[in-house]
């Protein structure tokens, strides 16, 4: 083997090592991002209600309890009216819960869609790098 061939092989080996280091760095970044996203999704799914949701829950509970106690003790309103008001409040609460779940599902879909897009980008880059590595190895 001549000196130029050795230098060429050495340069190709250095380039291959550089590509490997870049791949390992990108894999490390990917794992870091994946862990951050897992953490974020875990917080979303496991986190208790926000302060606003807690206040709204307490307000609905107080209103329904108020009408119930008022009906039992004073008969201030006819029974069917207090019952209808209570059913209305419960219906509003159900709509509020559906709305909150819809917001959560939308955010979760957005996060998962972003993850999928990023994974597709990374997969394409890995395929490109693998082709480059295989072409370099064939030339050695």
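The values are calculated or read from the model by the stated rules, or taken from the named source; none is laboratory data. Here the structure is a predicted model, which means the values were calculated and not measured. When we count neighbours, we look across all protein chains shown, and the Cβ atoms used for this are built from the backbone with ideal geometry, even at glycine.
Structural remarks
- Being closer than 30 Å to residue 27 by Cα, part of a helix (DSSP H, G or I), at pLDDT below 85 and touching a helix residue (DSSP H, G or I) at 6+ places or on another chain (Cβ under 7 Å) is a property that does not hold for residue 133.
- Restricting attention to the stretch 44-67, the residues that are over 30 Å from residue 105 (Cβ atoms) and modelled with pLDDT under 80 total 1.
- Check on residue 15, under 36 Å from the mean Cα position of the chain (by Cα), on the phi < 0 side of the Ramachandran plot and surrounded by 10 or more Cβ atoms within 10 Å (Cβ to Cβ): no
- Residue match in the stretch 117-130 (condition: closer than 24 Å to residue 17 by Cα, part of a helix (DSSP H, G or I) and touching a helix residue (DSSP H, G or I) at 6+ places or on another chain (Cβ under 7 Å)): yes
- From the list 82, 135, the one residue that fits, being more than 26 Å from residue 34 (Cβ to Cβ) and exposed (fewer than 10 other Cβ atoms within 10 Å of the Cβ), is 135.
- Candidates 91, 86, 100 - the one that is part of a helix (DSSP H, G or I) and free of Cβ contacts under 8 Å to residues at least 12 places away in the same chain: 91
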